[in-house]
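Since the structure comes first, as structure tokens, the remarks are kept for the end.
The values are calculated or read from the model by the stated rules, or taken from the named source; none is laboratory data. Just so you know, these numbers come straight off a predicted model, no measurement behind them. Cβ: placed from backbone, ideal geometry, glycine included. Neighbour counts: every protein chain shown.
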Amino acid sequence: MASISEMFKVSPFEPLRHHMTAVKNCVALVWPMFDAVRDQDDEKLQELCRKVFKAEHQADEIKNEIRQNIPKRFFLPVYRGDLLGYVKLQDDMADAAEDVAVLLTLKKLTMHQTLVDPIFEYIAKVKLVCEHTYEISDYLPTLIDGDMTGPEADHAVQMVARVEKDEWEADRLQYTLSQKTYAVEDDMKATDIMLWSKVYGEVGQLANFAEKTGERLRRMLAS
């Protein structure tokens, strides 16, 4: 594996793609945690939580290495501050994944029978937001080849718009899920309702940071 400084010599975006791979590995562990909660598989849940912590730390290390090695004295096709902001937003996705893991393991949670389908519909939508953001990251070399202008840039903007639409739909699903949760409050402990609400919110943050990552790319294209 090339060092971060060597990656910058190839492309200003190559280290960001490397970091996104680490973020993706972290976020991917979140979705099976909900399976474990549904199935009441505490051992699997704790195992996944430990893996999330480790993956988030690895993403942090890459982020810090990028910050230390990002060029200061030679030309970059994009503003240095935007690159730093972009990697920060990517890392925020890993941080949100870690926060979800923490919340899901604070106490033994159960899924009310009527909430199982809405919960999985919601996290599937957030997963889609993240996956479309990964596609944007994979598209960065094509942008560089096209000098970040022309049809390549137009396509990138369309990809960002798709992420924004997905994130808006995720927000609507979160609102509906919260309504359904409070509709069965007589069947649930107040502490469970409060904790589930925090879980929904942190999953939503994951989608928000994915959307903001795309927004930062659009800002780079417009500058």
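Worth pointing out:
- Checklist (1) at pLDDT 95 or above; (2) in contact with a Ser or Thr (Cβ under 8 Å, 6 or more places away or on another chain); (3) in a helix (DSSP H, G or I) applied to Pro32, failing item: (2)
- Single condition Gly214 does not satisfy, out of (1) surrounded by 20 or more Cβ atoms within 10 Å (Cβ to Cβ); (2) modelled with pLDDT of 95 or more: (2)
- Any hit, the range 40-47, residues being assigned to a loop (DSSP other than H, G, I, E, B), more than 22 Å from Lys212 (Cα to Cα), modelled with pLDDT of 95 or more and not hydrophobic (A, V, I, L, M, F, W, C): yes
- Selection of first residues in the range 178-195 that are within 11 Å of Leu109 (Cα to Cα) and touching a residue at least 60 places away in the same chain (Cβ under 8 Å) and of second residues that are polar (S, T, N, Q) and outside any helix (DSSP H, G or I), restricted to Cβ pairs under 8 Å at least 6 apart or on distinct chains, gives the following pairs, ordered by first then second residue: Asp192/Thr110.
- Set side by side, the residues Glu152, Glu121 differ, and just one is charged (D, E, K, R), out of contact with any strand residue (DSSP E or B) (no Cβ under 8 Å at 6 or more places or on another chain) and modelled with pLDDT under 95, which is Glu152.
- Count of the range 101-118 residues, restricted to those that are part of a helix (DSSP H, G or I) and touching a residue at least 24 places away in the same chain (Cβ under 8 Å), is 8.
- Scoring Lys88 on the criteria (1) without any contact (Cβ under 8 Å) to a residue 12 or more places away in the chain; (2) surrounded by 16 or more Cβ atoms within 10 Å (Cβ to Cβ); (3) among the charged types (D, E, K, R) leaves a single failure, condition (1).
- Leu128 meets the conditions (1) modelled with pLDDT under 95; (2) of a type outside the set (Val, Ile, Thr); (3) more than 14 Å from His19 (Cα to Cα) in every case but one. The failed one is (1).
- Criterion: touching a residue at least 12 places away in the same chain (Cβ under 8 Å) and either touching a Pro at 6+ places or on another chain (Cβ under 9 Å) or over 22 Å from Ala170 (Cβ atoms) (or both) - qualifying residue of Glu56, Glu65, Glu121: Glu65
- All positions within the range 146-194 that are in a loop (DSSP other than H, G, I, E, B) and either among the hydrophobic types (A, V, I, L, M, F, W, C) or exposed (fewer than 14 other Cβ atoms within 10 Å of the Cβ) (or both): Asp147, Met148, Thr149, Val184, Met188, Lys189
- Complete set of residues in the range 97-119 that are surrounded by fewer than 20 Cβ atoms within 10 Å (Cβ to Cβ) and under 30 Å from His155 (Cα atoms): none
- Residue identified as among the charged types (D, E, K, R) and in contact with a His (Cβ under 8 Å, 6 or more places away or on another chain) among Asp99, Asp91: Asp91
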